[in-house]
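Since the structure comes first, as structure tokens, the remarks are kept for the end.
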Amino acid sequence: MANYDVKDINLAPSGMQKIEWAYRNMPVLRAIEAELIDEQPFKGLKISVSVHVEAKTACLARALARGGADVALTGCNPLSTQDDVAAALASTGMKVFTIHGDNEEEYINHLKMALEFGPDIVIDDGGDFAMLLHSELKNLTNNIIGGCEETTTGVHRLEILEKEGKLLYPVVAVNDARCKHLFDNRFGTGQSVWTGIMATTNLVVAGKTVVVAGYGMCGRGVALRAKGLGAKVIVTEIDPVKACEAIMEGYEVMTMEQAAPLGDFFVTVTGCKDVITKKHFLMMKDGAICSNAGHFDCEVSVKDLKEICTESSELRNNIIGYKLPNGNTVCVIAEGRLVNLASGDGHPVEIMDMSFALQAQSARYIAKNGKSLDNKVYQTPEIIDNRVAEILLSTKNITIDKLTEEQEKYINSWDF
């Protein structure tokens, strides 16, 4: 098997510069990497990684390799791959199979290439590896010790497989760790979505109306940052409790049909499909801008837009305008794909430092314990979660209180 399939190996110097910048700003992962180098927990193991291929991911891949693993890396979204970063890793001898802008066939082929070297551990972002391993590549699961999943969408799909008795290997739900969903999903998504939108559109957010579809951890972050930028924020939800939470935090709540005529920016963060469809597009203002911050490109129905538009054109790099029969134009950023990565560099480095430190430790946990685990979705062990937080605090020279012996006794006893 070829060692790599990247756009141009000569792009490596640029990619290496990006990787080193990220690395110097990832103290938590560096601390975990030092442990991996010393322990070599992955010696003799193969790890396949399907995550957005950019500089922070490269630091994770290198940490796994330095911990003894033979690593094969591919993307989890065709528009999030940074070709120079892919080239940089390939130039070091790592197996890398991804090219920015892959069509669907090429993308699936690269996923298969990263799996066909027979991994012992898989690290997934969105469940594309799991999809292949539970269908046409099921034969490869015999050797898999276990996996890790990075996203809400991926964990949800794995839990469905477990519920149906079809999950073929144990998986750690890294997404559900407190240091992941509290920080990555909320603050990482919140900042990176607006960084991507603002850089792509070069438009002001203050004074505009922003419609956020979905009020999970990611939606909360997107709404919070929109509010901070001076926007009026509308939230759409299907969960009555989350809708109440959005109201209590100062946002208007309504249906997408009610919000469609009001919004200047629309951001979908639901993990579902057909959140914004034909009937909504036809109600939107001229120049309304739609983007997606959910994992898959099915939340904003670009298919519907293509069917109803009279013409379409690229209005600015990475922005397509669709002229509708009523004369209005609706704009879509990054083809409706993950806006913070397809139109930017993804989450801030310090956020992914925490997430990838969790990934590295969870992979080490799988390497040590996977063979004794049932084929279920497991929460990230609390000791791993706390370790990330403790290292982060130490890098900032921050200390926190600890329970005294008497407090421990009090809080763990009925004896008042």
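The values are calculated or read from the model by the stated rules, or taken from the named source; none is laboratory data. Small disclaimer: the values here were computed from a predicted structure and weren't measured. Cβ coordinates were reconstructed from backbone atoms using ideal geometry, including for glycine residues, and neighbour counts include every protein chain displayed. Note: areas computed on protein heavy atoms with side chains; ligands, DNA, RNA excluded. Shrake-Rupley method; radii C 1.70, N 1.55, O 1.52, S 1.80 Å.
Would you please give the residues with an amide H less than 5 Å from that of Val253, counting only those at least 5 places away or on a separate chain, with H modeled from the backbone geometry?
For Val253, the qualifying residues are Val235.
Could you state, as a whole-number percent, how many of the C-alpha pairs of region 44-172 are farther apart than 16 Å?
Across region 44-172, Cα pairs with separations above 16 Å total 58 percent.
Excluding same-chain residues fewer than 8 positions from Lys303, which aspartates and glutamates have a Cα within less than 12 Å of its Cα?
Once the sequence-local aspartates and glutamates are set aside, what remains near Lys303 is Asp274, Glu335.
Can you check what the Kirkwood hydrodynamic radius comes to for region 116-162, Cα pairs only, in Å to one decimal?
Working: mean 1/r = 0.0933 Å⁻¹.
This gives a value of 10.7 Å.
In Å and on Cα atoms, what radius of gyration and Dmax does region 72-112 show?
Every Cα atom of region 72-112 included, Rg and Dmax give 9.5, 27 Å.
For the chain, what relative contact order do you get, as a whole percent, if you take Cα pairs closer than 8 Å and at least 6 residues apart?
On the way: 893 pairs, mean separation 70.0, N = 416.
Relative CO of the chain lands at 17 percent.
Over every pair of different alpha-carbon atoms in region 182-227, take the mean of 1/r and invert it; report that Kirkwood radius in Å.
Kirkwood radius, region 182-227: 10.6 Å.
Looking at this model, which pairs from Lys166/Lys376; Lys18/Lys180; Lys18/Lys112; Lys95/Lys180 are more than 18 angstrom apart at the alpha-carbon?
Numbers: Lys166/Lys376 10 Å; Lys18/Lys180 23 Å; Lys18/Lys112 27 Å; Lys95/Lys180 27 Å.
With Cα atoms farther than 18 Å apart: Lys18/Lys180; Lys18/Lys112; Lys95/Lys180.
With no solvent and one equal point scatterer placed on each C-alpha of the chain, evaluate the Debye formula and give log10 I(q)/I(0) for q = 0.09, 0.11 Å⁻¹, two decimals.
Per q value, in the given order, log10 I(q)/I(0) is -0.57, -0.84.
Through the Karplus equation 6.51 cos²θ - 1.76 cosθ + 1.60, θ set to phi - 60°, convert the phi angles of region 160-167 into ³J(HN,Hα) values in whole Hz; use x for Gly and Pro.
These are the phi-based 3J(HN,Hα) values: 5, 4, 4, 4, 8, x, 10, 5 Hz.
Can you compute the helix-only [θ] at 222 nm over the chain? Use -39500 (n - 2.57) per DSSP H run of at least 4 residues, normalise by all residues, nearest 500 deg cm²/dmol.
Working: 18 runs with 176 residues, N = 416.
Per the formula, -12500 deg cm²/dmol.
Please report the spacing between the Cα centers of region 67-119 and region 19-50 in Å, no decimals.
Centre-to-centre distance over Cα atoms comes out at 18 Å.
Suppose every K and R has +1 on its Cβ and every D and E has -1 on its Cβ; what is the size of the dipole of the chain about the Cα centre, in Debye to the nearest 20?
Here the chain has a charge dipole of around 360 debye.
Amide H to amide H under 5 Å from Ala231: which residues, 5+ apart in sequence or cross-chain, H placed 1.01 Å off N in plane?
Placed amide hydrogens put Gly207 under 5 Å from Ala231.
If one computes P(r) from the Cα atoms of region 1-98, what percent of pairs lie at distances over 24 Å?
Result: 15 percent of Cα pairs exceed 24 Å.
Taking region 280-357 on its own, what percent of its Cα-Cα pair distances exceed 15 Å? Intermediate values should be presented prior to the final figure.
Details: 1732 of 3003 pairs.
Percentage above 15 Å: 58.
Averaged across orientations, what area in nm² does the convex hull of the alpha carbons in region 158-246 project?
In nm², the orientation-averaged hull projection of region 158-246 is 7.5.
For region 142-157, what does the Karplus curve 6.51 cos²θ - 1.76 cosθ + 1.60, with θ = phi - 60°, yield as ³J(HN,Hα) per residue in whole Hz, taken in order and with x for Gly and Pro?
Once rounded to whole Hz, the list reads 4, 9, 7, 6, x, x, 10, 10, 8, 10, 4, 4, x, 4, 4, 5.
Restricting things to alpha carbons, find the Rg to Rh ratio for region 257-416 using the Kirkwood radius for Rh. Please report the intermediate quantities before stating the final value.
On the way: Rg = 23.9 Å, Rh = 19.9 Å.
Checking Rg against Rh, the ratio lands at 1.20.
Could you tell me the distance between the Cα centroids of region 370-416 and region 187-241, to the nearest Å?
32 Å
If you roll a 1.4 angstrom probe over the protein chains with everything in place, what fraction of the accessible area of the chain belongs to carbon and sulfur, to the nearest %?
The C+S portion of the solvent-accessible surface of the chain is 51 percent.
Would you mind checking which residues have amide H under 5 Å from Phe266's amide H? H placed 1.01 Å from N; only 5 or more apart, or other chain.
It is Val211, Ile289, Cys290, Ser291, by chain and number.
May I ask you to list the trypsin sites (Lys or Arg not before Pro) in region 6-63 that are in a DSSP loop and have at most 14 other Cβ atoms within 10 Å of their Cβ?
Here the sparse-neighbourhood loop sites are Lys43.
What residue among Val302, Val155, Val241 shows peak mean-square fluctuation when the chain is described by a Gaussian network model with Cα springs under 10 Å?
Highest fluctuation of the listed residues: Val241.
In Å², what does the accessible area per residue of the chain work out to with a 1.4 Å probe?
45 Å²
Please build a GNM for the chain, connecting alpha carbons under 10 Å apart, and tell me which residue among Val122, Val53, Val349 fluctuates the most.
Sorting by GNM fluctuation, first place goes to Val349.
May I ask you to evaluate 6.51 cos²θ - 1.76 cosθ + 1.60, the Karplus curve with θ = phi - 60°, for each residue of region 33-47 and list the ³J(HN,Hα) values in order in whole Hz, giving x for glycine and proline?
4, 4, 5, 5, 4, 6, 8, 6, x, 9, 4, x, 10, 10, 10
Roughly how big is region 275-373's charge dipole about its Cα centre, with Cβ charges of +1 (Lys, Arg) and -1 (Asp, Glu), in debye to the nearest 20?
The calculation lands at about 360 debye.
Could you identify which residue out of Ala260, Ala334, Ala199 has the top mean-square fluctuation in a GNM of the chain using Cα springs shorter than 10 Å?
Ala199
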